[in-house]
Amino acid sequence: MSKARRSTTVNCSFKNNLLTPIIQSPDYRNVESYSGNLFFYMKRIVLLFLTCLPAIMLQAQSAGTLKGTVMDGSSREVITGAIVLDGADKSLGTLSDINGAFELKLPAGKHVLICSYLGMLPDTFRVYIDSGNTSIYNVLLHSNSKNLGIVVVSAGKFEQKLEDITVSMEVLKPALIEQRNTTSIDKALEQVPGLNILDSEPQIRGGSGFSFGVGSRVATLIDGFPILSGDAGKTEWSFIPVENIEQVEVIKGASSVLYGSAALSGTINIRTAYATDKPITKARIYSGIYSSPSDPTAKWWGGTAGFSGADAFHSERVKQIDYVIGIDGTYDHNYIGPNQKTGNKYITIDSSITEQSVAQRSARFNFNFKWRPKKITGLALGINGNFMQSHNNFSLVWGNDSNGIYKSYPHSMTIQDITMGYLDPYITFFSKNGMKHSLRGRLFYTRNDLSNNQSNLSHVYDGEYQVSKELNAIEGLNFTGGIFMNQTYVSSNLYSASGSKSNHLENWSAYTQLDKKIWKVLNLSLGFRGEYFRINGTEDVIKPVFRSGLDLKLAKATFLRYSYGQGYRYPTIAEKFIFTNAGGITIYPNPQIQPETSWNTEVGLKQGFKFGNFYGYLDAAAFWQEYSNTIEYSYAVWKPDSVGFKFINTGDTRVRGLDFSLMGEGKIARDLTLSILAGYTYCLPQSITPDKVYATDNPPAGIPPNQLSYAKTSTDTTNNILKYRFQHIAKVDLQLTWKYLSVGGSVRYYSYMQNIDQAFYNLDQPNQPGSGIKEYRLKNDHGITVFDARIGCKVAKHYKAAVVVNNLMNLEYSLRPLKMESPRTMALQISAEF
């Protein structure tokens, strides 16, 4: 923001200055002497008057006050951080506070003022300021449809236009989430260009493989705070409140400077909704069924397998209080089940696993609460919360490659009851000079009660103080800085390899980022973060990371960007200390495992376009990311009498590629609108050191140890492609709306997964986990194309009905080896909005 005007005081007292010689003269009582010098002193009086005249005129020209509120012209929602400037003197300006209110001192007289906000069309208005009085003017701003009105915060932790950011980002709007009858947010994220979810693990541009849910390289956030489990660094997708989402922002590329350790290859930030001046109530109920598998012998359930659920959401602003409440309940019979079936009875080696026990049941409650004290302008206090109780299962490997593809191998399925929740207390203060202070915390509790006696409990405490400001001395310079603290406490027998079932990981960090706009066409960004880690009171680790970027406006709607960023990931407690057995497969600890590091660079071009009333953009990027000390799940004879997996640093890797995305919405004909989200990603994920021996196993006496390397542990070393990656992914989602009717659909293509662990082929024997995996892969060594479809209708003013079919062709397919994806589902959804 601009500087406040400086005031100048001129001393015009008649007890000093130019008249001092008269008063101090020893002859001032001598009338004759005084008269003789009258002309001299008259000249001094005239000079004094002329000197004081500007100050006298300035004091005569009194100032007045302009007050008002800035609001969205459509929703009447208040806008925080809008700029209000005097058009003739831009040193006179202010920002709207958290209540949308602004106050500005102005000289008396006529003024032309300008109000602007990112993603909105600026408004110019005229006011007359009366001396000593207060004038009122409320500003209504309207969305700038030329840039789709998309404003994001994840790229710099302050609001920016999507076309101005220096990194690659995709935005997922609530409309697509609702249209797809999304019950878990990971199903909607599958449609985001450059991102795919591999058996609950997010991959961005091939930056990570698969590690059975441990050690994500993508930071998943809710409102800017991590939501990864404290012990394993895993996202529980069903915990994220799909009914309470403002938008989802996906950063593609290393973003550790702003978001810390897990953001090695990207970030998914789910921003929850906020209350507006207009109360909003939404509700949804749905019910559906699973189709029988293409191979009738693979159907393990009797009768019909179905799912159903309901959720509701309400937001409202009552005077100085904003609140949002959401609830959700689901039931899902599940399509992965027990291993063996005889008639109508299920016989399992683990008698606790039945058709009823594998069903998923969950209930969730969330809220956002904010209080804006009326007497303290710019201050807000609040608390957000989210709580869930769920019952579900996790299947490690399938029974076999034919009639057992939707069944679990004996002892490889885990039934789990999860209790989790967080509370986010916060205080924000928006000062009149544009300085924003934020103090936030998160208390995150997770309890997993598992059927295999491997339960765990974790408490995570996060805290962050952040300050941001547009530095007025240097026009267009934004500063964001903060300090972050994480304390993780985990209790479980799973992690007793550390010497105790209780483990403590702490992380302290400080970060700063500067964003500068030059000549209204060039945005520059620089960021730095310092990380400190300590586990169980030992192993102190300090790591600095850096990022930079630029965005250049080449033409009216053409933007060229470049970015460079470093990434860093400290191993999770599970990667270091887990020791367990599942389905005959042992998982070993590795206390000596080292952190992963990376650097990422990219160049991108964003082109906006307009065809009539249809607006959108096309984005293209070339990226290159390299990793050191890459952590992978490695199989070997780690003990003479046992084989299994261990998390190991496997050497250096590299991922290069191209990424394209298209987003657009608007009218294409009378009463006909189109929305589209599409993308294609090509990546070349390779081992840089394929022959490097990163570990040696420990076979029984008399057997030579094996030296482990990428080349010796892979099923296919052609071009040194990394394991569990897709080199080609293409996605399109379309929706056409005509009056009250909407028709939409999506298609996703995944190329053949070239390389997986050789260990699964070695285990590919009768009555062994992985049975049939080699044959199955040879039979399906082509790409996978999945179609979804939906049709909806507005049946009354406030009500909509929709039929949603996923996996329309009932394709039998596997993304993660040894785990089948869902057969076709058909659901009826009824929703209401008031």
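The values are calculated or read from the model by the stated rules, or taken from the named source; none is laboratory data. Nothing here was measured: the structure is a model prediction, and the numbers come from that model. Cβ coordinates were reconstructed from backbone atoms using ideal geometry, including for glycine residues, and neighbour counts include every protein chain displayed. Only protein heavy atoms, including side chains, enter the accessible area calculation; ligands, DNA and RNA are left aside. Shrake-Rupley method; radii C 1.70, N 1.55, O 1.52, S 1.80 Å.
Summary of values
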quantity: Between 0 and 90°, nearest 10: helix 38-60 axis offset from the chain longest Cα axis; calculated: 30 degrees
quantity: Of the GluC sites (Glu not before Pro) in the stretch 620-693, those whose Cβ has at most 12 other Cβ within 10 Å and which sit in DSSP loop; calculated: none
quantity: Residues of type aspartates and glutamates that LYS375 reaches as a straight line, Cα spacing below 17 Å, ignoring anything fewer than 8 places off in the same chain; calculated: ASP97, GLU103, ASP322
quantity: For the stretch 610-749, diffusion coefficient by Stokes-Einstein and Kirkwood Rh (Cα), 10 °C, 1.306 mPa s, µm²/s; calculated: 84 µm²/s
quantity: Gained length - ASP277 relative to SER402, 0.36 nm times residue gap less alpha-carbon distance; calculated: 39.3 nm
quantity: Fully extended contour minus Cα-Cα distance, from PHE369 to LEU443, at 0.36 nm per residue; calculated: 25.0 nm
quantity: Centre separation in Å (Cα based) which lies between the stretch 550-583 and the stretch 211-255; calculated: 12 Å
quantity: Distant-in-sequence amide H partners of LEU708 (H built 1.01 Å from N, under 5 Å); calculated: TYR694, ALA695, THR696, ASP697
quantity: Surface share of carbon and sulfur [accessible, 1.4 angstrom probe, percent] for the chain; calculated: 59 percent
quantity: Rg over Rh, two decimals, the stretch 178-233 (C-alpha only, Kirkwood Rh); calculated: 0.96
quantity: Shape of the stretch 151-209, Cα gyration tensor, a/c cut at 1.5; calculated: oblate
quantity: For the chain, calculated [θ]222 nm from helices alone, where every DSSP H run of n ≥ 4 adds -39500 (n - 2.57); calculated: -2000 deg cm²/dmol
quantity: In Hz, Karplus ³J(HN,Hα) per residue of the stretch 367-378 (6.51, -1.76, 1.60; θ = phi - 60°; x = Gly, Pro); calculated: 8, 10, 9, 9, 10, 10, x, 5, 7, 10, 5, x
quantity: Exposure of VAL467 as accessible area (Å², to 10), given a probe of 1.4 Å and all protein chains; calculated: 20 Å²
quantity: Average accessible area per residue (Å²) across the chain - probe 1.4 Å, nucleic acids and ligands excluded; calculated: 43 Å²
quantity: Built amide H within the under 5 Å cut-off of THR715, gap 5+; calculated: ILE756, GLN758
quantity: Counted charge near THR330, where neighbours are those whose Cβ lies closer than 12 Å (Asp, Glu -1; Lys, Arg +1); calculated: -1
quantity: Derived scalar couplings ³J(HN,Hα) [the stretch 509-522; Karplus, 6.51 cos²θ - 1.76 cosθ + 1.60; whole Hz; x for Gly, Pro]; calculated: 8, 9, 9, 8, 9, 10, 10, 10, 9, 10, 6, 6, 10, 10
quantity: Full-extension gain in nm, SER500 to ILE542, via 0.36 nm per residue minus C-alpha separation; calculated: 12.6 nm
quantity: Long-range amide H partners of LEU198 with built H, under 5 Å; calculated: GLN203
quantity: Overall form of the chain per C-alpha gyration tensor (a/c, 1.5; a/b vs b/c); calculated: prolate
quantity: Two-decimal log10 I(q)/I(0) for the stretch 661-810, as the Debye equation yields it once each C-alpha is a single scatterer, q = 0.08, 0.16, 0.17, 0.19 Å⁻¹; calculated: -0.44, -0.98, -1.05, -1.19
quantity: Hz values of 3J(HN,Hα) by residue in the stretch 554-560 - Karplus curve (6.51, -1.76, 1.60), Gly and Pro given as x; calculated: 7, 8, 3, 10, 10, 10, 9
